[in-house]
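Participant: For reference, the structure I am asking about is given below.
None of the figures in this text is laboratory data; all of them are computed from the coordinates on show. Bear in mind the structure is a predicted one, so any value in this text is a computation, not a measurement. Here the Cβ is made from the backbone with ideal geometry for all residues, glycine too, and neighbour counts use every protein chain on show.
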Amino acid sequence: MTVTGFIGRLFRFRLGLFIVNGLLWCLFHSLPLLIGLGMQWFFERATSNSTDYIWLAVPLIFIAAVRVARVGTFFAAFYQWVTYFYHIQAILRTNMLAGIMRWPGRNLPASPGEAMSRFRDDVDEVVEYMESWVDFWGKLVFTTVSIIIMAKINWKITLISVLPFLIVTLLNNLSGNRARRYGQKNREATGRITSFIAETFGAVQAIKLGEAEDHVHERFTKLNESRRQAALKDNLFKQWMRSLNQHVLSFCTGLILLMCAAEMQAGRFTVGDFALFTTYLVNIGYSISLFGYMVFQHKRLKVSFDRMRTLFRPGEEDSIIEARKTYLNEDPPELPTIHNDPREKLSFLEVNNLSYQYPNSDNEISDIHFRLKRGKFLVITGRIGSGKSTLVRTLLGLLPAQEGSICWNGKEIDPATFLIPPRAAYTPQVPRLFSDTLQENIVQGKKESGEEALNRAIRLAVMDKDIKDLDQGLETFVGPRGVMLSGGQIQRAATARMLMSEADLFIFDDLSSALDVETEQQVWNGLFKERDVTCIAVSHRRAALAKADHIIVMKNGRIEAEGTLSELLESCEEMQLLWQGEQTSERDYVNSTK
């Protein structure tokens, strides 16, 4: 989709509202035509030899009535415009958010701070351009009709008044590439500093521990200076183009007035004609300035258009203006509760020839095969860098598989859209909590979640004692990313959140990374007391390995061996090394707790 195609689709979005805006602003910008005629009428009477001074009041009353009508039209048009541009903002931002949510694993193609600048600055750029188009139709009608009226009076002077339009259009076309370059650099610099601020707030403890405050401040100063210079160049160039347009108009207006004076001296131009010309020329000047600036805006718009489109997955960029309902004057409907279809209840999960390689890297997984039946516990183990987490992320569609298939009950699926609650639930290696209460982080707004389900999830996640020790229990605010909790509490809160989904398949990526041996043992014992639990876990801990029905040993991105724990300890050297290393770690843990 080109920028022109994008604007065309914006016109068709809420077409009725756009037409109403166009008509109202057309009326608003056209009313000065009557004011010019009224001015001509008044000065013609004032310079005549008539002594009927009462009739001088008539054109003045007429002009006053037109101005009052214009004020009323403005308020009606402004209300419609506000409604229209809120709809534009809503549809663009809603579609951009939907585009982000369709990325596998919500992996943004830009940092969160930079993405937010696109939601704000780039959408505002589009709205500003659409505002120019709403004004365009009224300005076009005014300019066309006024030129016709003026040409009937004096075509030579009228011809000179059209000259600025050609000059301004040429100047703005010539400035296009530079306008885009300055605009892009400004947006990129703003995105970098916004992203840096967000990352700094999220890493306050790391900065303090590393005593990096001075370095962070220096980095912030450099980014801020870079942004200041980029914004200065962008705004200076924009204002310079506006000023240049106005100077061209002022020069041509002065030339026109000199020609009017010469024509008046020759007796071919009246005072009333002069009054009409001066009234129209001011508005024609604004119109030509707008037309020229719209050319400049169109050139700049490509930067914002491209930046917004990068938030969408490849092939989905045109969804930026996809039609969908927006809720500006009413509350959106409640989200429907997704219930698991009994026909989709997990019987078995099958993975065939699953492969993925990171771009510009040798790290990969290749030729992964396994079959998991309902009610079974599969553990994926291996050394650091063996491909365990990559396998899980590819299995879930968080990374796009380059080869292979994933089948649910024998039917091939798209994991990114299918393996979601209530079919599957996932706890990552580093869980993310929101700055809210502990209870809200677990239930996540599910109104249908009862107290019994919440208590069950807390019990299975071994959080009972932790909650009793917290001053406000479940109502305790956990802070940004859960900073008020320990690493183990964050991981178990995320586990409880996952268990609330009551999914068919639970997937853990290294649950043990922040848990002590005893707590992890309690989690697995409690979980497998439940009936019919199907689970995949990335782990190297003995507690998980001993519970596993089947173990996959990863090495260099491939399955080195698989089987039960006893089989692997007899036949797999890699498993023997992992087991011995874990035994040493557990012995060290026991000694440290004595």
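Participant: Could you tell me which GluC sites (Glu not before Pro) in segment 210-299 are loop residues by DSSP with no more than 14 other beta carbons within 10 angstrom of their beta carbon?
Facilitator: Passing both the DSSP loop test and the Cβ count: GLU211.
Participant: Which cross-chain or sequence-distant (5 or more) residues have an amide H under 5 Å from the amide H of VAL538, H modelled 1.01 Å from N in plane?
Facilitator: ILE380, PHE508, ASP509, ASP510, LEU511
Participant: Placing +1 at every Lys and Arg Cβ and -1 at every Asp and Glu Cβ, with all other atoms neutral, what dipole size does the chain have around its Cα centre, in debye to the nearest 20?
Facilitator: The calculated dipole for the chain is roughly 2220 debye.
Participant: Can I ask one more? Once R0 is set to 56 Å, what does the formula 1/(1 + (r/R0)^6) return for the Cβ-Cβ distance between ASP436 and GLN580, expressed as a FRET efficiency to the nearest 0.05? Write down the numbers at each step before the final one.
Facilitator: Working: r = 43 Å, r/R0 = 0.77.
Result of the calculation: an efficiency of 0.85.
Participant: Using the Karplus equation 6.51 cos²θ - 1.76 cosθ + 1.60 (θ = phi - 60°), what ³J(HN,Hα) coupling, rounded to whole Hz, does each residue of segment 495-500 give in order, writing x for Gly and Pro?
Facilitator: Ordered by residue, 3J(HN,Hα) equals 5, 4, 4, 5, 5, 5 Hz.
Participant: Now for a separate question. Would you mind computing, in nm to one decimal, how far apart the modelled labels at ASN409 and ARG268 are, each placed 7 Å from Cα along Cα→Cβ?
Facilitator: Result: 9.0 nm between the two label points.
Participant: Which percent, nearest 5, of DSSP beta bridges in the chain are antiparallel? Before the final figure, lay out the partial values.
Facilitator: Working: 20 of 38 bridges.
Restricted to the chain, the bridges split so that about 55 percent are antiparallel.
Participant: Specify which labelled value, from (1) 35, 31, 25; (2) 70, 25, 22; (3) 67, 34, 21, agrees with semi-axes √(5λ) of the Cα gyration tensor in Å derived from the coordinates of the model shown.
Facilitator: Matching the structure shown: (2).
Participant: Treating cross-link reach as a plain straight distance, find the lysines whose alpha-carbon is under 22 Å from the alpha-carbon of LYS465, omitting any fewer than eight places away in the same chain.
Facilitator: LYS465 reaches LYS529, LYS594.
Participant: Can you give me the distance in nm between label points at LEU328 and ARG343, each placed 7 Å from the Cα along the Cα-to-Cβ direction?
Facilitator: It is 4.1 nm.
Participant: Tell me the label-point distance for the pair ARG12, ALA203, using the 7 Å Cα-to-Cβ offset, in nm and rounded to one decimal.
Facilitator: Distance between label points: 4.6 nm.
Participant: Restricting attention to segment 292-391, which chymotrypsin sites (Phe, Trp or Tyr not before Pro) occupy a DSSP loop and are surrounded by at most 15 other Cβ atoms within 10 Å?
Facilitator: TYR327
Participant: To the nearest 0.05, how large is the calculated FRET efficiency for VAL216 and ALA64 if R₀ is 45 Å and r is the Cβ-Cβ distance?
Facilitator: Between VAL216 and ALA64 the formula returns 0.10.
Participant: OK, next. Between helix 3-12 and the chain, what is the angle of the helix's C-alpha long axis to the longest principal axis, kept within 0 to 90° and rounded to the nearest 10?
Facilitator: The answer is roughly 80 degrees.
Participant: Can you pull out the trypsin sites (Lys or Arg not before Pro) in segment 494-560 that DSSP calls coil and that have at most 13 other Cβ atoms within 10 Å?
Facilitator: Details: sites: ARG497, LYS529, ARG531, ARG541, ARG542, LYS547, LYS555, ARG558; in loops: LYS529, ARG531, ARG541.
Sparse-neighbourhood loop trypsin sites (Lys or Arg not before Pro): LYS529, ARG531.
Participant: Among the lysines, select those whose C-alpha is under 19 Å from the C-alpha of LYS222, and discard any that sit fewer than 8 residues away in the same chain.
Facilitator: Hits, sequence-local ones excluded: LYS185, LYS233.
Participant: Shifting gears a bit: Using the Kirkwood formula on the Cα atoms of segment 1-92, what hydrodynamic radius do you get, in angstrom to one decimal?
Facilitator: Over segment 1-92, the inverse of the mean reciprocal pair distance is 15.9 Å.
Participant: Same structure, new question: By a straight-distance test (C-alpha under 21 Å), which lysines pair with LYS152 as possible cross-link partners, with residues fewer than eight away in the same chain excluded?
Facilitator: LYS139
Participant: Follow-up question, since we're still on this one. Arrange the following residues from fewest to most other Cβ atoms within 10 Å of their Cβ: SER566, SER366, SER389. Could you put the intermediate results ahead of the total?
Facilitator: Values: SER566 8, SER366 17, SER389 20.
Least to most surrounded, the residues fall as SER566, SER366, SER389.
Participant: Which is farthest toward the positive dipole end of segment 1-96 among PHE75, LEU10, PHE42, measuring Cα position about the Cα centre, with Cβ charges +1 (Lys, Arg) and -1 (Asp, Glu)?
Facilitator: LEU10
Participant: I'd like the orientation of helix 32-46 relative to the chain: the angle between its Cα long axis and the longest Cα principal axis, in ° from 0 to 90, rounded to 10.
Facilitator: 20 degrees
Participant: Assign unit charges at the C-beta atoms only (+1 for Lys and Arg, -1 for Asp and Glu), then state the dipole size of segment 314-438 relative to its Cα centre in Debye, rounded to the nearest 20.
Facilitator: Computed about the Cα centre, the dipole is about 880 debye.
Participant: Taking Cα pairs under 8 Å and at least six residues apart, what relative contact order does segment 305-406 come out at, in percent?
Facilitator: 25 percent.
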